[in-house]
Amino acid sequence: MKTTTKVWLGAMVAIVLIVSCSTPPTGLFSPRYNGKSLLTWVNKISPSSSEAGIGEIRPDEKEIATALQAMGTNCLPYLIARIKLKESMSEKMGFDFNPRLPFDESSREIELEQKRRQAAKGFCMLGPIATPAIPQLVPLLNDETVVVSVTCALVGIGTAAYPALFQALQHTNTNIRRSAALGISQHRGKGEFAIPALLAMLNDPDGKVRSAAAYTLGKINKQPEIVVPALIKGLSDPDPSKGASMAFGLYGYGKAAVPALPLLRELLTKTNLTYFQVEEIHRVIGSLSGPFLP
């Protein structure tokens, strides 16, 4: 009986240690600015992305950015813990500590993704101040669940993180490559560094990766003299689905993409396109045909 009690006590102590080590600093020991805790400031960050992407700081978020920058590297342990949030073991088993709130896997994942987005934006607000966090963030690029948020965070930190981002764009896992591209798409103003790698991804054997690369190029919307010809060339590919992937990028380039109209219309005559691809091509044609043609 005594042995069983000791085993249970030991297990409980281990659980407490694991939880305490993985829980970000809050309350009394949390960094503070103007009387408010770090948690309070981070919770003020909108998890929704603007047209420019979640990596861009909106005018109404400048006060939050000032607060995080004032707290500096003291923010890093909390933001690192928050960006890798996943469901707990109890949640995986279908339990919820609040019996009045039934466990809902999809809504819980949405909540966790919002928290990860807030953390990513926190890193973007810190910028190069968060450089010491790079060694802990880079391994997370191998995690399909958090790679989009982590990529967004690393782009926001700056040039010191670029080598790791290039590796993610060339990852052997197609979901990692695709997600890394989408993470960069959240930085309209800072994603230009990735254009050479994204252009190479237009020839990726996976259609979803090609679409993500084209979409991200359109969001970055830089170097049209290089990007638009590459996207137009892809429209002529013998595989119509590969050509359809290019449409995702052309939408962002406006007038510079008008020469693609004949090939886009021809692409619509192909029979083996998905409904989603046809809708996207129609959207691009509509956007280019109206304001940019005499």
Return the inverse of the average 1/r over all pairs of distinct C-alpha atoms in segment 204-276, which is the Kirkwood hydrodynamic radius, in Å to one decimal. 12.0
Return the tail of the calculated pair distribution for segment 244-285, meaning the percent of Cα-Cα pairs more than 12 Å apart. 52
How much length is gained if the chain between residue 236 and residue 81 is pulled fully straight, taking 0.36 nm per residue apart and subtracting their Cα-Cα distance, in nm to one decimal? 51.2 nm
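Using only alpha-carbon positions, what ratio does the radius of gyration of segment 148-263 give when scaled by 2.2 N^0.38 Å?
Working: Rg = 13.3 Å, N = 116, 2.2 N^0.38 = 13.4 Å.
Computed over Cα atoms of segment 148-263, the ratio equals 0.99.
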Protection proxy ranking of 130-139, 240-249, 263-272, 67-76 - average other beta-carbon atoms within 10 Å, highest first: 240-249, 67-76, 130-139, 263-272
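What does the charge add up to near residue 191, with Lys and Arg as +1, Asp and Glu as -1, over the other residues with Cβ less than 10 Å from its Cβ?
Numbers: positive: 188, 190, 219, 222; negative: 192.
Taking every Cβ under 10 Å from that of residue 191, the sum is +3.
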FRET efficiency (residue 36, residue 266; Cβ distance; R0 51 Å; to 0.05) is 0.30
What distance in nm lies between label points placed 7 Å from Cα along the C-beta direction at residue 172 and residue 275? 3.8
Of 62/190; 208/233; 62/255, which sit over 21 Å apart, Cα to Cα? 62/255
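Where a number appears in this text, it was derived from the coordinates with a stated rule and is not lab data. None of these values were measured; they are calculated from a predicted model. Heads up, the Cβs are rebuilt from the backbone with ideal geometry, glycines too, and the neighbour counts pull from every protein chain shown.
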